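Any read-out appearing in this document is the output of simple, stated calculations on the displayed coordinates, not a laboratory observation. All values reported here derive from a predicted model rather than from experimental measurement. Ideal geometry is used to build each Cβ from the backbone, glycine not excepted, and the neighbour counts take in all protein chains shown.
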Amino acid sequence: VQLQASGGGLVQPGGSLRLSCAASGSRFSIKDMGWYRQAPGRQRELVAYITDDGSTNYADSVKGRITISRDNARNTVYLQMNNLKPEDTSVYYCYLTGPAGYRYWGRGTQVTVSS
């Protein structure tokens with residue numbers, strides 16, 4: 001299974017970005033899909049995830065600014081990020097969980113929020 005993330009970049013505070021993560025090579029039903037992020041010197045933290053039935057969960061720090069969605073036909077998860085803040089600067093990693101609970105990870109995409 002491979003996950004390819006895209007959509008990161010440099011954006012000014014208050015700006016928006018949309019991250020995408022497409023999974024390929026899976027021959028099983030995907031359970032959760034989601035995003036973590038890790039800033040330099042900090043632990044990796046959960047940003048958001050979405051279950052196979054569409055339920056979502058967000059970190060308190062991003063609620064109201066970030067929306068997660070998925071396209072099951074394309075095995076793709078999206079992260080729409082609005083009103084970005086400098087503290088959102090991180091490497092964002094997507095993942096998916098298979099039926100046995102094993103987690104697969106993408107390589108990460110850099111998001112930098114700076115003026």
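Phi angles of region 31-37 translate, via the Karplus equation with coefficients 6.51, -1.76, 1.60 and θ = phi - 60°, into HN-Hα couplings of 8, 6, 10, x, 9, 10, 9 Hz per residue; Gly and Pro are given as x.
Between Arg65 and Ser29, the contour length at 0.36 nm per residue exceeds the alpha carbon distance by 10.0 nm.
In this structure, the amide hydrogen of Gly108, modeled 1.01 Å from its nitrogen in the peptide plane, lies closer than 5 angstrom to those of Ala5, Cys94, counting only residues at least 5 positions away or on a different chain.
Taking amide H as placed 1.01 Å from N in the peptide plane, Gly9 has its amide H under 5 Å from the amide H of Val111, Thr112, each at least 5 places away in sequence or on another chain. Taking Cα centre as origin and charging only the Cβ of basic (Lys, Arg, +1) and acidic (Asp, Glu, -1) residues, the dipole magnitude of the chain rounds to 180 debye. Computed from backbone phi with θ = phi - 60° and the Karplus coefficients 6.51, -1.76 and 1.60, the 3J(HN,Hα) list for region 58-65 is 10, 5, 4, 5, 10, 4, x, 10 Hz; x is used for glycine and proline.
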